[in-house]
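Enquirer: The following block contains the structure, expressed as structure tokens.
The values are calculated or read from the model by the stated rules, or taken from the named source; none is laboratory data. Quick caveat: nothing in here was measured; it's all calculated off a predicted structure. Quick reminder, even Gly has a Cβ in these numbers, built from the backbone with ideal geometry, and neighbours come from all protein chains shown. Note: accessible area is taken over every heavy atom of the protein model, side chains too, but ligands, DNA and RNA are not part of it. Shrake-Rupley method; radii C 1.70, N 1.55, O 1.52, S 1.80 Å.
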Amino acid sequence: GPYAGGAINLLAVFISMAITILLVIGTRESANVNAILVAIKLAALMAFIALAVPVMKMGNFHPFLPNGWGTMGVVGAAASIFFAFVGFDAVSTAAEETRNPQRNIPIGLIGSLAVCTILYLLVAAGAIGSFGAQPVYGLHGQMLEPGSAGLAAQCASLTTEPLVCSHEA
């Protein structure tokens, strides 16, 4: 791909062509493939939850809100978590193809939001409780701000990478 010095990302081109062909074939077939992909994603999340939640250490949740409520804490996290729920508006586009949309669309929206929120909370609790997401402290015992140069330098100097230093989403 372009990130590795190439001119084109062939995998992206092939995936785009496969999705286009699938959509041309028909709505039912693309819905079936989508259902299979969602089942695979849910199985992976459930496996993570099943492995992580039983080994949670409640001590990993202290301090519970190390960055407080401000823009670097709960408010900032809520702003970024908002994007985890992008795509639920796609349920409303299926209203034309739904039997009894006045009843089924609200059930679909509320049900999918509830399931996704519960899964999101369980995955987050499993990751923090089993691995730990403790704040990283500087040389003088001060908590380092997320995204700061000091945090990056301290994370680079650690032998084991805490969850807060991870570059994964």
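Enquirer: What three numbers, in Å, describe the spread of the alpha carbons of segment 19-70 along their principal axes, ordered from the longest?
Expert: That works out to 53, 31, 12 Å along the principal axes.
Enquirer: Kyte-Doolittle mean at least 1.6 and Cα extent at least 18 Å along the axis: which DSSP H helices of the chain qualify? Could the numbers behind the result be given before it?
Expert: On the way: long enough: 10-25 (22 Å, 3.03); 27-52 (37 Å, 1.38); 101-130 (42 Å, 1.32).
TM-like helix candidates: 10-25.
Enquirer: Another one. Starting from the Cα of I105, step 7 Å along the direction of its Cβ; do the same at I19; then give the gap between the two resulting points in nm.
Expert: Going by the 7 Å Cα→Cβ label model, 2.4 nm.
Enquirer: If you rank T93, T20 by how much accessible surface each has, with a 1.4 Å probe, what is the order from largest down?
Expert: On the way: T93 100, T20 80 Å².
Order by accessible area, largest first: T93, T20.
Enquirer: Counting helices only, and only those DSSP H runs with n ≥ 4, report the 222 nm mean residue ellipticity of the chain as the sum of -39,500 (n - 2.57) divided by its residues, in deg cm²/dmol to the nearest 500. Could the numbers behind the result be given before it?
Expert: Values: 6 runs with 93 residues, N = 169.
It lands at -18000 deg cm²/dmol.
Enquirer: Now for a separate question. Could you report the accessible area of L37 in Å², rounded to 10, computed with a 1.4 Å probe on the protein chains as they sit in the structure?
Expert: L37 exposes around 90 Å² with every protein chain in place.
Enquirer: Moving to a separate point now. Taking a probe of 1.4 Å, how large is the accessible area per residue of segment 67-138, in Å²? Walk me through the numbers before you get to the answer.
Expert: Details: 4760 Å² over 72 residues.
On a per-residue basis, 66 Å².
Enquirer: Still on this structure: Can you give the Rg and Dmax of the chain based on its C-alpha atoms, in angstrom?
Expert: Cα only, the chain: 20.9, 63 Å (Rg, Dmax).
Enquirer: Right, something else. Quick one: order R99, R28 from most to least accessible surface, probe 1.4 Å.
Expert: Numbers: R99 205, R28 180 Å².
The most accessible residue leads, giving R99, R28.
Enquirer: Going by Cα centres, segment 1-77 and segment 97-137 are how many Å apart?
Expert: 12 Å
Enquirer: Give the accessible area for F131 in Å² (nearest 10); use a 1.4 Å probe, count only protein heavy atoms, and leave out ligands, DNA and RNA.
Expert: 120 Å²
Enquirer: Over the heavy atoms of T160, what accessible area does a 1.4 Å probe trace out, to the nearest 10 Å²?
Expert: 100 Å²
Enquirer: What cysteines in the chain have no other cysteine with a beta carbon less than 4.7 Å from their beta carbon?
Expert: Taking the Cβ cut-off of 4.7 Å, the unpaired cysteines of the chain are C116.
Enquirer: Additional query: Carbon and sulfur: what percent of segment 1-142's accessible surface (1.4 Å probe)? Numbers along the way, then the final one.
Expert: Values: 7630 of 10500 Å².
Reported share for carbon and sulfur atoms: 73 percent.
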